[in-house]
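Written below as structure tokens is the structure these notes are about.
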Amino acid sequence: MRNIILLFIALNIGYIYAQESYQNPVIPGFHPDPSVCRVDDDFYLVTSSFEYFPGVPLFHSKDLIHWTQIGHCLTRFSQLKLTNCPPSGGIYAPTIRYDNGVFYMVTTNVSDKGNFLVHATDPKGEWSDPVWLNQGGIDPSLYFEDGKCYLVSNPENCINLCQINPMTGEQLTPSKKIWNGTGGRYPEAPHIYKKDHWYYLMISEGGTEYGHKVTIARSRHIDGPYTGNPANPILTHINANAQLNPIQGTGHADLVEAKDGSWWMVCLAFRPQSGSHHLLGRETFLAPVRWDKNAWPVVNGDGTISLQMNVPTLPQSPETKKITRIEFNKGKLGPEWVYLRNPKPENYLTTSEGTLRLKATPIHLKDLDSPTFIARRQEHIFFTASTSVKLQDAFVNDKAGITVFMNNHSHYDLVVEQKPDEEQAIVLHYRLGSLDHIEKEIPLTEKGEIQFQIRGDKDFYTFSYATNGKAFQEIGKMNTRYLSSETTGGFTGIMLGLFATSETASSNAYVDFDYFDYLGK
Ligand code: 6LW
């Protein structure tokens with residue numbers, strides 16, 4: 001009997017703690033250029049953010065699979081100036097590292113003065129003002145050893161190394177070219193690691209597209225000479241073995257060793273959804289790495305990854321349930337909400353009635369400025385988003401609503417628009433490059449609250465409205481592919497934005513959004 005009880009317990013423990021699989025991407029939606037570090041058994045991860053503010057989303061995890069956004073590294077104008085920042089300008093790839101009680105995040109503001117780092121002792125708190133760096137190129141990374149701090153980045157398409165003082169930014173040694181990869185275009189995303197008395201330099205080549213790959217070299221000395229791995233690339237989906245893989249463009253990776261000695265890689269990739277068009281931007285994926293003593297690292301066995309990963313994992317922490325409805329009654333929005341460029345805070349308010357109130361201004365979505373706009377990422381190919389809109393005190397042509405937003409020249413908007421004689425109308429509008437098109441206009445019989453809904457699937461966005469909160473009527477549908485990265489260019493992904501614009505500087509128009517629902521699968 002005792003044995004049966006023990007077997008029963010063992011089976012149950014086995015069942016509860018079976019850690020044999022996980023799903024990729026581990027951070028879905030526009031979360032490119034991941035970088036990860038570990039402090040004891042806590043992992044921290046950052047991604048790039050381009051023209052959005054605050055910048056550099058910061059995530060925490062215990063198991064590398066379930067990530068919770070705990071904030072952003074760049075939350076102040078003094079850290080992140082995005083004035084006139086074009087789409088996909090601003091913040092490029094960041095690296096996060098921890099040394100001797102201090103977190104460092106180093107990145108590039110391509111629309112400001114280039115490479116800089118910020119530091120913090122509590123990553124959830126405020127990070128320092130920028131410490132600007134001299135060495136150019138993009139994708140800066142730091143490596144710490146024996147109280148020394150080394151910087152790598154890629155000026156002139158070659159990985160350069162120098163030593164810096166991370167608190168002042170002073171460059172202590174001349175920049176030295178240490179590797180330009182295996183001949184692929186765009187050697188970038190360098191990171192240095194040390195293992196078994198080897199310095200490993202891992203980079204990406206091929207550019208952030210289908211030919212993307214991760215390669216690695218090693219040396220006994222940090223400044224080289226570096227010798228490439230004969231088995232390079234260690235990760236790529238460009239070859240026949242990944243031709244039909246729903247994940248493409250794998251690259252821009254970082255490695256981390258867990259407390260139990262297992263090694264893991266985070267990388268970016270994208271998921272084509274309509275032909276070869278992808279919309280969700282480049283997302284964050286996870287792969288196990290086998291790294292034997294004195295050997296080269298091997299990523300997930302054959303250098304490819306999949307959506308369903310059937311591999312042993314770290315003990316998994318239960319996922320916190322994702323909230324699908326945001327009521328706007330908490331006063332403060334969650335860290336998933338971001339603005340375009342540096343926002344004007346006076347145009348955003350959460351009211352005591354529990355609405356999000358946006359003030360319309362004459363800055364439009366097409367302008368390289370900061371319209372009244374607040375957005376979160378589309379994280380799933382199949383999703384439904386809805387909201388309730390009430391436009392008030394509006395002048396003719398003032399409008400407010402929801403947008404499927406790739407960038408300032410590519411977005412689909414569903415709005416309430418003020419018409420002459422106190423009338424209002426629902427308008428479905430598409431902007432695609434120089435094409436500015438009104439697809440449908442539906443006059444409203446009375447002013448009041450309107451509910452909008454957007455459904456996304458692989459090939460279409462479908463737009464609907466209701467006046468009673470329930471019976472949604474379809475207004476129109478539009479192909480996804482015209483908003484894809486392949487069509488529009490750029491490094492970002494689709495954002496679902498709430499916004500308000502005015503045609504008249506003196507307008508007092510404002511809009512109340514009562515809730516925002518997002519349901520993805
Ligand atoms: C990033 C570069 C890249 O800095 O794209 O995928 C650039 N890799 O490393 C922008 O994300």
Dipole of the stretch 176-329 (Lys/Arg Cβ +1, Asp/Glu Cβ -1, origin at the Cα centre): which of THR227, HIS237, ASN310 lies farthest to the positive side? THR227
Which value, in debye to the nearest 20, describes the size of the charge dipole of the chain about its Cα centre when Lys and Arg Cβ atoms bear +1, Asp and Glu Cβ atoms bear -1, and nothing else is charged? 980 debye
Gyration tensor on Cα atoms of the chain, a ≥ b ≥ c root eigenvalues, a/c under 1.5 rounded, else prolate if a/b beats b/c, else oblate, says prolate
Where a Cα-Cα gap under 16 Å defines reach, which aspartates and glutamates qualify for LYS447, not counting those fewer than 8 residues away within the same chain? ASP393, ASP398, GLU417, ASP421, GLU422, GLU423, ASP512, ASP514
Under 5 Å, built H, 5+ apart or other chain: amide partners of ILE475: PHE463, SER464, TYR465
Taking the Cβ-Cβ separation of ASP517 and ALA258 as r and a Förster radius of 41 Å, what is the calculated FRET efficiency to the nearest 0.05? 0.70
Which one of TRP67, LEU82, SER49 has its Cα pushed farthest toward the positive end of the charge dipole of the stretch 39-94, where Lys and Arg give +1 and Asp and Glu give -1 at the Cβ? LEU82
3J(HN,Hα) from dihedral phi, the stretch 276-292, Karplus parametrisation 6.51/-1.76/1.60, rounded to Hz, x for glycine, proline: 9, 9, 10, 10, 7, x, 8, 10, 9, 10, 10, 9, x, 10, 8, 9, 6
In whole Hz, what ³J(HN,Hα) sequence does the stretch 465-480 give by Karplus (6.51, -1.76, 1.60; θ = phi - 60°), x for Gly and Pro? 9, 9, 10, 10, x, 10, 7, 6, 10, 6, 9, x, 9, 9, 4, 5
Quick check for you: with a 1.4 Å probe and neighbouring chains kept, what is the accessible area per residue of the stretch 468-518, in Å²? 38 Å²
Residue separation between GLU439 and THR227 times 0.36 nm, minus their alpha-carbon distance, gives in nm 70.6 nm
From phi via Karplus (6.51, -1.76, 1.60), per-residue ³J(HN,Hα) for the stretch 56-68 in Hz, x at Gly/Pro: 6, x, 10, 10, 10, 8, 9, 10, 6, 9, 9, 10, 10
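Are any of the pairs LYS124/LYS332; LYS399/LYS470; LYS62/LYS332; LYS390/LYS419 more than 18 Å apart by Cα-Cα distance, and if so, which?
LYS399/LYS470; LYS62/LYS332
Please give the calculated 222 nm ellipticity per residue for the chain, where each DSSP H segment of at least 4 residues contributes -39500 (n - 2.57) and the sum is spread over every residue; nearest 500 deg cm²/dmol?
Helix contribution divided over all residues of the chain: -1000 deg cm²/dmol.
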Give me the angle, in degrees from 0 to 90, between the Cα long axis of helix 2-17 and the longest principal axis of the Cα atoms of the chain, rounded to the nearest 10. 60 degrees
Listed by chain and number, the lysines with an alpha carbon less than 27 angstrom from that of LYS176, same-chain partners under 8 positions apart left out, are LYS113, LYS148, LYS194, LYS195, LYS213
Cα gyration tensor shape for the stretch 53-207, rounded if a/c is under 1.5, else prolate or oblate: rounded
Which residues qualify? For GLY114, with a placed amide H closer than 5 Å and at least 5 residues away or on another chain, they are ASN109
Between the stretch 401-451 and the stretch 319-394, what's the alpha-carbon centroid distance in Å? 17 Å
Heavy-atom accessible area per residue - the stretch 215-324, 1.4 Å, Å²: 43 Å²
With a/c under 1.5 counting as rounded, go ahead and sort the stretch 161-283 into rounded, prolate or oblate using the C-alpha gyration tensor (a ≥ b ≥ c being the square roots of the eigenvalues; past the cut-off, prolate if a/b is larger than b/c, else oblate). prolate
Mind listing the long-range amide H neighbours of GLU439? Cut-off is under 5 Å, sequence gap 5 or more, other chains count too, H placed in the peptide plane at 1.01 Å from N. LEU428, HIS429, TYR430
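How many percent of the accessible area of the stretch 105-231 is carbon or sulfur, using a 1.4 Å probe?
In the stretch 105-231, the share of accessible area belonging to carbon and sulfur is 48 percent.
The values are calculated or read from the model by the stated rules, or taken from the named source; none is laboratory data. These numbers come from a predicted model, not from an experiment. Cβ sites come from the backbone with ideal geometry, for glycine too, and all protein chains shown count toward neighbours. We work out accessible area using only protein heavy atoms, side chains counted, and drop any ligands, DNA or RNA first. Shrake-Rupley method; radii C 1.70, N 1.55, O 1.52, S 1.80 Å.
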